[in-house]
Structure formats: structure tokens, C-alpha cells
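Just below is one structure, and these are the notes that go with it.
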Amino acid sequence: MSYSFDFTGLEQGYDSLLEGLKVTVELTLAANLIGVTLGFVVALLVMSRISLIRTPVMLFIEFFRCTPAIIQIVWFFYCVPIMFDVYLDSVTMGVLALGLNLTAFNAEAYRAAIQSVPKEQHDAGIALGLSPFQRVIYIVLPHALRSALPVLITNGIGIFQQTALVAIVAIQDLMYQGKSLATTTYRPIETFTLIAVIYFAVSFPVAQLVQLIERRREVASR
Amino acid sequence: MNKSMSNLSSAKSFSATDSTNKSPTASTSGQALVKVSNLHKSYSPTIQVLKGLDLTMAAGERLVVIGPSGGGKSTLLRVMMGLEQIDSGSITFAGQPYITANDGKAKTKINLAVRQQIGMVFQHYTLFPHLTILQNLTLAPRKVRGESKASAEARGMALLTRFGLAAKAGAYPNQLSGGQKQRVAIARALMLDPKLMLFDEVTSALDPELVAEVEQVIMSLAEQGMPMMIVTHDMWFAKNIASRVVFCAGGVVVEEGPPDQIFNAPKHERTREFLDRVFHI
Ligand SMILES: Nc1ncnc2c1ncn2[C@@H]1O[C@H](COP(=O)(O)OP(=O)(O)OP(=O)(O)O)[C@@H](O)[C@H]1O
Ligand SMILES: [Mg+2]
């Protein structure tokens, strides 16, 4: 390898990178807020016995799972405003696209978790007089959250990385700031290396958290 | 383990708060508390479980249901708890319609106001794992009845204290022994002041040394006059707690009578066979 790295000159961009990271983290948190809550609702709907509810929700899930995220984002930015005549600011659109994408993936995680709620727990809830809605809130949801948690976090980290895609629609996230820094400094390799390290530094500890949870569960179930 | 249960007062009422002697079934005393008529239940066209079961229970009775595995004992209790659809027949509770078949068309009609007066404890542990013991007790009173947190917790603590579990109020179910879990499950059901308790083999998942502590709690409820229906394979317990024994096999009641009669002088060949097998292993 003949290329020698030269990080001098990148310091001028630290502030903007930090700004970008803030936007990226905000996008991630907002998308996760949507994904974690709406994902549960969507999971319940897709398990509905009524096919008029189940089928469209299933299509929603499959659309987001079976198309590239980048197309979903572009589609949200250019098609939704035209087709539905709604014009929202780009950050809102980005959050919606990412949030709904995450919703689809989380719904699948929740579905498995909901199905793993033991029948006895439902029986006990009925015997205690809890209504179907109360059973969902007080019995099914805590169980599903707990057992889906590792997958929810993994999906959440995934979305943290996917946020980089919104740079193409001019949201000033970490990726966007990195791109402009690369252009102004003429140091694309160093800049993108630095950006990769930042993404890694945030994701890695969270990914470790998943492993920690899973290891603790293994011990507990022994 | 316990004094003879033959001198149990039969009709004293029970309340979880242990206060005055309010009489829930006073208006119907002497009348049947539960009346099961011609109950048919199948899980699928090929799995017919209850085949025209009739059963009457007076207020203050402690019915013990015994019988061979697969005979429909659990199914009967589950139907009585409103957990299962039925094919035909009906159940009344204190004179009110409780469960009514809908000719196989729509769903079984269940009178929810009656269901709230019945409590059940299961063979498997059914405590909610994400809630503390005290929260397990207070969830239903608070959410179903709208009782205040303070009041529900006070009643919950009183019950836990009575059951020797006060120290576990803040623990989670997985920190308890099987016997403790079942005692909490009983306390949880009692929080709703049931007029009838159903126990389905509540000790059969327990280690032998933990059985007594749970049976003792049920005995103490019996002493206070709580009407109950108990399914058990523990014949010693059955003899001691029953005011009447029901032998159930093949989805019907084959024979019923006082414990003395059923255990010492069963009339039916099938009952005799079953008891022989149970007592001579
Ligand atoms: N959910 C279900 N689906 C299909 N069949 C069932 C179901 N529950 C019970 N059965 C069947 O119904 C029959 C009666 O079961 P039930 O549990 O009522 O018997 P039991 O008298 O309680 O037996 P045991 O003493 O073994 O507990 C059995 O043949 C059982 O396999
Ligand atoms: Mg059974």
C-alpha cells in the first residue's frame, strides 16, 4: 500500500461532523421511537383474524422488507409529496421513511415474541378478569418487549447505519457533513475513514449490549 | 399436617379483607351455587371431551373432582372459568345464567359479571414474570375494578402476611420456590373476593416437600367457608378437604357422594377400578 494517510486539515471539520452526528443520532432515536411502538401495533394487526386488516398490513411489511432502503427514502421524498399532496420538511420525511422501515422489521420480531407468550399467561389474565386490551398492555407487551429486545436493538443499530442514506436528500447528517468535508479538504479517504470510525464507535458498544443480554439469558435459562 | 377437616364450618363466608361476615350467597342459600346441565364440549369433531356432564354444587361445598387422566376434569374447570367454548348445555351460578351454548353458531355466551366472581389457580405457574409479587396481586384489582393503588397494596400485603409471604412482596416470581409461587397465585385470585375457587392440580408440578404448604393454604380457605372445586390426584388431600367427591370419567360424572362413601364403598365398578389403581401402586 503506497498511500500514506494524512489527517491534517480535518480538524476544521470536527464541529460540523459533531453537528452531523447529532442529527444522525436524532434521526436514529426518532426512527426507533416509531419502530418500537408502531412495530408492536403492526405485529398485532398482522396477526389479526380479519383478513381485511391482515392483508394490507402484511403488504406494508413486505414492501419495506423487500425493497432497498435507499429506494424507500427516495420514494418518500419524491413520490409521496406528489402522490399524496403532503409536503413535509426533509427531516420529517427522513424520520418517517426510516421509522416505517424499522417498523416493518420490528413487527416481525414482535410477532415471534407475541406468539411465544405462554397460553397459561393468557388464561391467567382471563381468569383475573382482564379485558383483551388490558391483557395486551399488561401481559403481552411486557413479555414481547423483553423477548424481542435483542432483535429490536439490533434493528435499531441497523437503522443508525441506514440513516447515512438520507444524506442523498440533503439532510445534514453525519454522512452529509462528511461528504462536504471530503470535498473541501480534498481528503476523501481520510474523511470517510474518520466517519466510519465514528459510526463504529457508536454502534459497537450498543451491539455489545445485545450480546450481554443474550449471554445473561443463556445463563438464566440454564 | 392438619386437624381433621370434618368439623369445617360449612357456610361461613370468606373475604380477602377478612373483615365482616358479609354473606355473598345469602339470597341463594340452600339453592345451588353452581348448576352444570348437560354440558358437551369438544376440542375438534374427533376430540369429544365432555359428553353431557351434569353437576350441582351447593353454597359452602368443597367439591373434589377425581378421575382418570383425560377424563375431562381440567376441561370442566376451564369451562367453568369461562376459558373454553362449549358445544351445548349450560351453567348457572347462584341462580343466574353464567355460561350458555349458542347452538354451535356463534360463540358461547359468558356472563362476565359472574365470571368475575370465580377465581382459578392452575397446575402450571401463571404468575406474571415481569411484575413483583405485590404487583401480581394488585394488577387485576386496580385495572379491572379501579381500586386505588394504596388500597390494593394494603389488601395485598395483608394477604401476603397471612400466607407468610410478606417478605417476598418486592421479589419477582422467578425468585420464589414452586410452593411459594402457587401460594401467591392463590392470593392473587383471592384479591378479587371470589365466591368460588377452582383449583386444577395446583400441587402436581411441585416437589413433594412443597406440596403440604400449598395444601395447607387451601385447607385454611376451606375452614373459612370458601366454596371450592378441586381437581387433584392426591387422594389423601381429597379425603381431607372434600365435602363431596365427584368421580368423573369419559366426560360424564360417573359417581358422586361423601368422601367416606366414594373412597370406602364406591358403587360403580369404574370408580372401584380407578381407586384400586390409585391406591395400589
Ligand atoms: N386444547 C386442547 N386441544 C385438543 N385436545 C385437548 C385440549 N385440551 C385437552 N384436550 C384433550 O381433552 C381430553 C381431556 O383433557 P383434560 O385435560 O380435560 O383431562 P383431565 O381429566 O384433566 O386429565 P389429567 O388428569 O391428565 O389432567 C384429553 O384427551 C386431552 O388430550
Ligand atoms: Mg387435568
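The values are calculated or read from the model by the stated rules, or taken from the named source; none is laboratory data. Bear in mind the structure is a predicted one, so any value in this text is a computation, not a measurement. Using ideal geometry, Cβ is built from the backbone for each residue, glycine included, and neighbour counts are taken over all protein chains shown. Just the protein is used for accessible areas: all its heavy atoms, side chains included, with ligands, DNA and RNA removed. Shrake-Rupley method; radii C 1.70, N 1.55, O 1.52, S 1.80 Å.
Please tell me which of these pairs span more than 20 angstrom C-alpha to C-alpha: A:119/B:195; B:181/B:239; B:41/B:239; B:35/B:195; B:41/B:143; B:239/B:267?
Working: A:119/B:195 25 Å; B:181/B:239 25 Å; B:41/B:239 29 Å; B:35/B:195 14 Å; B:41/B:143 32 Å; B:239/B:267 17 Å.
Distance filter (> 20 Å) returns A:119/B:195; B:181/B:239; B:41/B:239; B:41/B:143.
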Amide H of residue B:253 versus every other amide H placed in the peptide plane: which residues, excluding those fewer than 5 positions away on the same chain, fall under 5 Å? B:54
What is the set of long-range amide H partners of residue B:65 at a cut-off below 5 Å, with H atoms built 1.01 Å from backbone N? B:230, B:231, B:232, B:246
Which percent of the accessible area of the stretch B:164-252 is formed by carbon and sulfur heavy atoms (probe 1.4 angstrom)? 49 percent
Using only protein heavy atoms and a 1.4 angstrom probe, determine the accessible area buried between B and A, summed over both sides, in Å² to the nearest 100. 1700 Å²
Separation between the residue B:31 and residue A:67 pseudo-spin-labels, each 7 Å from Cα along Cα→Cβ, expressed in nm? 6.4 nm
q = 0.12, 0.18 Å⁻¹: log10 I(q)/I(0) that the Debye formula gives for the stretch A:78-218, counting C-alpha atoms only: -0.71, -1.07
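Report the charge-dipole magnitude of the protein assembly as shown in Debye, nearest 20, computed about the Cα centre from +1 at each Lys and Arg Cβ and -1 at each Asp and Glu Cβ. Write out the running numbers ahead of the final one.
On the way: 44 positive and 38 negative charges, 278 e Å.
With only Lys, Arg, Asp and Glu charged at Cβ, the dipole is about 1340 debye.
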Are there chymotrypsin sites (Phe, Trp or Tyr not before Pro) in the stretch A:117-178 that DSSP puts in a loop and that have at most 15 other Cβ atoms within 10 Å, and which ones? none
Quick one: accessible area per residue over chain B, 1.4 Å probe, rounded to a whole number of Å²? 42 Å²
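Please state the charge dipole magnitude for the stretch B:88-231, taken about the Cα centre, from unit charges on C-beta atoms (+1 on K and R, -1 on D and E), reported in debye and rounded to the nearest 20.
The dipole of the stretch B:88-231 has a size of about 720 debye.
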For the stretch A:191-204, just list the computed ³J(HN,Hα) in residue order, Karplus coefficients 6.51, -1.76 and 1.60, θ = phi - 60°, integers in Hz, with x standing in for Gly and Pro. 4, 5, 5, 4, 4, 4, 4, 5, 4, 5, 4, 7, 6, 4
Residues with amide H under 5 Å from that of residue B:88, placed H, sequence gap 5 or more: B:40
List the residues of the stretch B:83-128 for which accessible area in the full set of protein chains is at least 20 Å² lower than for the chain on its own; 1.4 Å probe, protein heavy atoms only. B:83, B:115, B:122, B:124, B:126, B:128
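How high is the relative contact order of the stretch A:28-154, given as a whole-number percent (alpha carbon pairs under 8 Å, six or more residues apart)?
34 percent
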Signed unit charges on C-beta, dipole axis of chain B, positive-most listed residue B:197, B:114, B:63: B:114
Which whole number in µm²/s is D for the stretch B:142-255 by Stokes-Einstein, with the Kirkwood Rh taken over Cα pairs at 37 °C and 0.692 mPa s? 211 µm²/s
Express the accessible area of the stretch A:1-100 per residue in Å², computed with a 1.4 Å probe while the remaining protein chains stay in the model. 61 Å²
Taking chain A and counting helices only, DSSP H stretches of n ≥ 4 at -39,500 (n - 2.57) each over all residues, the nearest-500 ellipticity at 222 nm comes to -26500 deg cm²/dmol
Length-normalised contact order of the stretch B:124-219, Cα under 8 Å, at least 6 apart, in percent, tallies to 35 percent
For the stretch B:125-208, alpha-carbon Rg over 2.2 N^0.38 Å: 1.04
In the stretch A:122-164, which residues give up 40 Å² or more of accessible area once the other protein chains are added, compared with their chain alone (1.4 Å probe)? A:123, A:124, A:126, A:127, A:128, A:130, A:138, A:146
Quick shape summary for the stretch A:178-222, equivalent ellipsoid via Cα gyration tensor, semi-axes whole Å in descending order, reads 39, 6, 4
Could you list log10 I(q)/I(0) for the stretch A:81-164 at q = 0.10, 0.24 Å⁻¹, which the Debye formula gives when each Cα is one point scatterer? -0.39, -1.06
If you count only protein heavy atoms and use a 1.4 Å probe, how large is the accessible surface of residue A:48, to the nearest 10 Å²? 20 Å²
When the gyration tensor of the stretch A:1-156 is built from Cα positions, what are the square roots of 5 times its three eigenvalues, in whole Å, from largest to smallest? 38, 21, 14
In whole Hz and in residue order, list the ³J(HN,Hα) couplings for the stretch A:70-80 that follow from phi through the Karplus curve 6.51 cos²θ - 1.76 cosθ + 1.60, θ = phi - 60°; x for Gly and Pro. 5, 5, 4, 5, 4, 4, 4, 6, 9, 8, 4
Most mobile listed residue (B:209, B:84, B:201) in chain B, GNM with C-alpha springs under 10 Å: B:209
Provide, in order from the shortest bin, the percent of all Cα-Cα pairs of the stretch B:31-184 in each 10 Å bin, continuing until the bin that contains the maximum pair distance. 10, 31, 29, 24, 6, 0
Per-residue HN-Hα couplings for the stretch A:104-111, Karplus 6.51 cos²θ - 1.76 cosθ + 1.60 at θ = phi - 60°, whole Hz, x for Gly and Pro? 4, 6, 5, 4, 5, 5, 5, 4
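What is the magnitude of the charge dipole of the stretch A:96-222 about its Cα centre, with +1 placed on the Cβ of each Lys and Arg, -1 on the Cβ of each Asp and Glu, and no other charges, expressed in debye to the nearest 20?
Working: 10 positive and 7 negative charges, 38 e Å.
Using Cβ point charges on Lys, Arg, Asp and Glu, the stretch A:96-222 gives about 180 debye.
Could you compute how fast chain B diffuses translationally, taking Rh as the Kirkwood radius over C-alpha pairs and applying Stokes-Einstein at 37 °C with viscosity 0.692 mPa s? Give it in µm² per second. Can you show the working numbers first?
Working: Rh = 19.4 Å.
Once the numbers are plugged in, D ends up at 169 µm²/s.
Where does the protein assembly as shown land on the Kirkwood hydrodynamic radius, alpha-carbon pairs, in angstrom? Spell out each step's value before the answer.
Details: mean 1/r = 0.0372 Å⁻¹.
Hydrodynamic radius (Kirkwood, Cα pairs) of the protein assembly as shown is 26.9 Å.
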